[in-house]
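Down below is the structure, laid out as C-alpha cells.
The values are calculated or read from the model by the stated rules, or taken from the named source; none is laboratory data. Quantities reported herein were computed from a predicted structural model and do not represent experimental measurements. Because the Cβ atoms are built from the backbone with ideal geometry, glycine has one as well, and the counts that use them run over all protein chains shown. Protein only, heavy atoms only, side chains kept; ligands, DNA and RNA dropped before computing areas. Shrake-Rupley method; radii C 1.70, N 1.55, O 1.52, S 1.80 Å.
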Amino acid sequence: MPATPRKRARACARAGPRILAALLTLLPGVSALAYEVDSFEARAAAYVDDAACLECHEEYAASTTVHRDLEEFETAAVVTRGCQSCHGPGSLHVESNDPDDIRNPATADPVVANRACLQCHRADDVGAFEMSLHAAADVSCVSCHDIHGPQRGALLRSSQPDLCVSCHQDQRASMYLPSHHPVREGRMTCTDCHDPHGSTPSAASAGRPNDLCLSCHARHAGPFVFEHSPVIEDCTICHAPHGSVANSLLVQNEPFLCLQCHQAHFHATIPGIDGEFTSLDGYSAVSTHDASKRGFLTKCTQCHTEIHGSDLPSQSISGQGAALTR
Amino acid sequence: MRNHRGVRVLAVAAVALLGMSHPGTASGEDESASLEGTVSVGGYGASLDGVTGRVREYDVDREDLDPDLKLELFGWNDANRFDLRTEFRNETELDLDARLDAGKNVDVKFSHRSFYHSLDHDLLGNFGWRERVGVDSLGGDVGGGKMLTSEDTDPLAVYGVRVTDTKERLEMHVPVGTGTTFLAEYRNLSREGTRQVLGVDHCANCHVRGQTAVVDERMQQATLGLSTVLSEVKVGYRFSVRDFDNRAEAARNRFMQARHPVNGASGAEFASRLLYENETLEVSKTPNNLTRSHAVEVAVDLSGSQTVRGSYVRTDAENQSAGIKMETNAATLAWQARLARAVRASASLTRRELQNDSWELDLPNWREGRPGGGQDFDWTRLSAYDREEYLGSARLVWASRPGRNLRLDYALHSTDRDHVLLDPDDDSATRTVQHTVRATWSERIAKATRSRLSAEYEHTSLPFVSVRGICEEAGSDVFMPIDGGQPSDWIYYFQRERIGTGASLPTKAVRLKGNLTHGFGARASVSAYANAAFEKNDDLNLYDFERTVIAPGFSALLMPSDEFVFATGVAHSRIKSNAKLCVTVMDG
Amino acid sequence: MDYETKATSLHASGEIVPEGRPWRVSIAGTLTFTEGSFDAPDVELPEETVAIADYDFSAIPEYSRLKYRQIELTSRVSRSFSRDASGYVELGWYDLQDDSPWVYGDETGSVLVTRAGVQTSF
C-alpha cells in the first residue's frame, strides 16, 4: 500500500533529525554527542508499589506534594507511578538500597533531570524549557523547584527575587539603583516580566510591540494622534527596566537622553539679565546670565510633558501641534 | 458610551467558573483533612527624617503605629488543597495570595496586592529668565521681551498613587482524555491618587505652571482560553480583552494671552502663530484605550522528540477618546527537536504586520493675514506603527558531556516601516535588518568549578535613528529670514532644515558575558562575573555613536559552621555613551 | 559629549542560628553609590549665528548631574518561646543621600522602621 502524503511527511520529519545527527557525528570530536546521559536507563528494573519507597523514605510519607498524587487526565504523558514517575522503576534499588540503582534527578545531569519533569510538563508553557537560556546554562528544573515540597506557590526553593538573584548578581545590583521597579520591595516579581522556562516565541509574544510593558503601563498604549516614534519602536531605547540612576528608569538623565536625537532650542543661547524681573502677566522671578540654559537644558519633559504621545495639540502652529507639550 | 461589555462578560464568566470551584464540588467530607498555618500579630512604626519619597519610593512610612499582621493557612485532604497567605499593614498596603486546587480538576489562584508609589514633585526652580538685549550706559543689563517664569500652584503637595493589582486565574482540567484545559483570567490594576501636571505657555509669556491633578485609572484585562490535546496535537485558543479607563477629570491649564517676544505687546501677531491662547483647556489627558486579542495555537508532537508549533494572533487596539484604531496580525511557526541524545535545536519565524489609522490635522494658516504669512501647515499624521516585521531565530544546544553545554543562537529581526525614514539620502530606506549571532559555552571545568561564557555579535543595517533630527545646515531652504540685512540682524520665523542624524542604537555591537563559580567544599563558594558591551554606529553623517558597558562583580558565601552563614558581594557598572550637541539658530 | 553612569553596590548579610538556643539573628546591609553625568559639550554651530547669543555650554552638565549614596540595613532577631510560638523584632534603616539635587530639590532622607510581634503556628 503506498504511503499517504501525511505518512510521508511524518516519515521525513522523523528521518530529518536522524540525518542531521548522523552528519554531526562525522565532525571531529562529535562522537561525544552520544554520551550516556542517564546510566540508569539501561538497567533492567521493574516498578514497585510506592509503599516500598516510603518504608525507607518515610520523610516523604506526609509530604503534600502534588507530584505523588496525579490522575491520568492531569498529565499528557499519563505518568501515575508516584515516586517512580520521576525516579524510574525502583525494584533494583529496593533490593540493594544502593543509590546508584535508581535515578536521582537532584544529582543527575540536568538533561536527565529535566527530562523527568518534561515528560509531563511538555504540553504547557514549560514545554520549551529544554531550549531555554536556563537549560543551556545547565540550570535544571530542580535548581529552582523543590519537587518534594508542599504544593505551595510554584514549589520554588526560595521566594523571588532572592532565588533569581542568587545567580543573576548583576540584576541584584540593578534593583538597588535609585530608580527601579518595586521588585526588592516585593510589590512585583521577576516572573511578572520574565519567563524562566521560555525560549521560542509564544503566541503572546507575537502581539503588538512593547505589549509586555503595556500590560501594566496601559495608559501609554494609545495609539495617539501625536506620536513619539521611539516610544512605538521600543521602550528600552529610553528606559532601563532593571533599574537606573536617572529618574523614571531612564537610561540616561534628561536632557542628554533627548539630545541624542534632538537639538537644543535656540532660546538656550540667549543670555539673561542678572536680577529680578516681573513678567507682563505679573509673575516675578530672578534671572541670571545663564538662566535660559538652566531653563531649557535641565529637563526637557518639564515642557514636553506628554513624551509618550498625546491627542492634544501643542500650541505652536509652525510646530504643527506635534511638540507633545499638552 | 464606554464599551466595557467584553470585559464584563468575561469577568462574569470567570466569576461564575470560580463559583464552580467550591470545595464542595470535590470529594466532600474527608477524615484525612488537615490544616496548618501561622499567625503573626505585631506592630509597625517608623521614624522619618528629611524627604522619604525617594528612599522609600514604594512604601507608606508614617510615624504612627500600624498593625503588622500576617496569616498563612494551608489545608488539604485527599482531593483538595487550599493555600492562603496574607499580610496587612495599613489601608494601602495589603497582600493576599490564595490558591485552591479543588477536586484535582480545578485550580484557582487569586492574588491581591496594593501598595503606595511616591510620585515626583517638580519644584520648577530652574525657571526664571529674562533675555538681555544689551547694556545701558551705566553697565547694567537691558532686558528684552522674552521671559520664562514658573508657578507651582500647590507647593506643599506630596504626590503619589495607591496601586492595586488583583488577579484571578481559573484553570479547569476536563476529566476526559488527557489534557483538555479551560482557562479564565481576570486582572484589575488601578492607580488612584494625585500627581503633578505641568502646563506651558509659549513665547514672551513662556510660563510653566504646576498643579495637582487626580489620578484615577483602571485597567481590566480578561482572558478566556481553551486547549486540548488530541493524540500528538495540542490545539489552543485564547481571547483577551484589555480595557484602560481613565476616570479622572483632565487637568486644565489657563493659556495666557499671546505676547510678542520682542516688545511684549499682545495682539494679533503672536496670536496668529498659535493654535490657542487666552483660554483654559485640558492638558495631560490620558485617553481610554481598548485592546482585543485572538490567539490560535497548534502544536504537533511529531515523534516524541520533535515539536512543530504554529500560532496566529490578531490584535485590535483602539484609542477610544480619539477613535484611532490599530490592527496587528502576527503568525509564528516554530520548530524544536532533540536531534540526538544531547543535541537540541529550535527555529522560529514570525511575521507581524501593524496598520494604524492615519490622522488628518487641519490647522489654521500660520500668521494668517499678516505680512509674509498665510502658510498652510495642514498635515496628515502617518503612523510610525505601520510596519511589516520578520522575527527569525535558530538555536542549537549541544550538551557534549555532563556539565558542558554549547549553545549557538542566531536571530533575525527585519522591520520595514511604512513612514519612518532611516537614511537622509535615500527616501526608500525604511527597512532595518538586524542579525545577531551568539555563542554560549557553559562548562563544569572542575568538580567544584562552573564557568559560563557568552559572546554576541550584532549587526544592524539602518537601525532606528533620528534622521534630520540634529544640526542645521547653513543657508538651507527653509531658512527664512525676514527683513534682510546681515545674518546677525535677521529674524528667523521657521526652524531651518536639519541635516544630522542622531542615534542611540548601534550598527555593530559586541557583547561579552562571563562568570565563574567555585565551591570550597560544602562550606564556602565564590563567584565572579564580568559583562561588557562595545557598541558603535559609524553610519551617521556627522559623528560616530558609541556606547561601552563594563560591569564586573564578585560574591562569596561562607558557612564556617551550621550555626553561621555569611554572604557578601560587590557589583560595579560603568556605562558610557555619546551624543552630538547641536543648537538651533531659530526654532520658532 | 559623553554621558557616563557609574554604580557600585556592596552587600553583606549574615545569619546566626545557635544550636540548642531559642533565638536566631540575621542582619543584611547594602551600600550603593551611583552617579550619572555628562561632560562639557562642544556645540555644533551653523555658520550663521546670532551675534547676541552665548554659545558657551560648559556649565550645563551641572544642571542635571545626579549623585546618590544609599544605605539599607535590616536586622531581625527572633526567639522561640515554645515549639509553636515565637517573637520577633525587626529593624530597618533606609538612608539616601542626594549629593546633587535636580529639579525635585534635595531628596536626602532616611527612615528607621521598627517591627515587633509574636507568631504562633498550628
Using Cα-Cα distances under 8 Å and only pairs 6 or more residues apart, what relative contact order does chain B have, in percent? 6
Give me the distance between the Cα centres of region B:305-367 and region A:96-148, rounded to whole Å. 33
Test item: Cα-centred dipole of chain B, Lys/Arg +1 and Asp/Glu -1 on Cβ, debye: 2380
If you take the beta carbon distance between A:Glu55 and B:Ala33 as r and set R0 to 35 Å, what does 1/(1 + (r/R0)^6) give as a FRET efficiency, to the nearest 0.05? 0.85
Tell me the GluC sites (Glu not before Pro) within region B:334-437 that lie in a loop according to DSSP and have at most 16 other beta-carbon atoms within 10 Å. B:Glu368
Please work out the C-alpha center-to-center distance from region B:556-588 to region B:208-279 and express it in whole Å. 34
Enter the buried accessible area of the B/A pair, total of both sides, probe 1.4 Å, in Å² rounded to the nearest 100. 13500
So, relative contact order of region B:303-455 in percent, Cα under 8 Å, 6 or more apart, is 15
Would you calculate the separation in nanometres between label points at A:Asn97 and A:Gln119, each defined as 7 Å from the Cα along the Cα-to-beta-carbon direction? 2.7
Would you mind giving the mean number of other chain beta-carbons within 10 Å of the Cβ of each residue in B:214-227, as a whole number? 1
Area projected by the alpha carbon convex hull of chain B, averaged over all directions, nm²: 38.6
What nm distance separates the two modelled labels at B:Ser451 and C:Asp42, each placed 7 Å from Cα along Cα→Cβ? 4.2
List the pairs from B:Lys146/B:Lys285; B:Lys508/C:Lys67; A:Lys299/C:Lys67; B:Lys508/C:Lys6; B:Lys536/C:Lys67 whose alpha-carbon separation is above 21 Å, in the order I gave them. B:Lys146/B:Lys285; B:Lys508/C:Lys67; B:Lys508/C:Lys6; B:Lys536/C:Lys67
Under a point spin-label approximation (7 Å from Cα along Cα-to-Cβ), what is the C:Ser100-C:Val17 distance to one decimal in nm? 4.4
Go through region B:77-85 residue by residue and turn each phi into a ³J(HN,Hα) via Karplus (6.51, -1.76, 1.60, θ = phi - 60°); whole Hz please, and just put x for glycine and proline. 9, 4, 10, 10, 9, 9, 9, 9, 9
Can you list the GluC sites (Glu not before Pro) in region B:83-161 that are in a DSSP coil and have 14 or fewer other beta carbons within 10 angstrom? B:Glu91
By the mean-Cβ-within-10 Å protection proxy, highest first, A:82-94, B:155-167 rank as A:82-94, B:155-167
For the protein assembly as shown, accessible area per residue (1.4 Å probe, heavy atoms of protein chains only), Å²: 44
Expressed as an acute angle from 0 to 90° and rounded to the nearest 10, what is the orientation of the C-alpha long axis of helix B:5-20 relative to the principal long axis of chain B? 20
Could you look at the protein assembly as shown and say what percent of its accessible area is carbon and sulfur, using a 1.4 Å probe and all protein chains? 55
List the lysines whose Cα lies under 21 Å from the Cα of B:Lys109, skipping any in the same chain that are fewer than 8 positions away. B:Lys70, B:Lys167
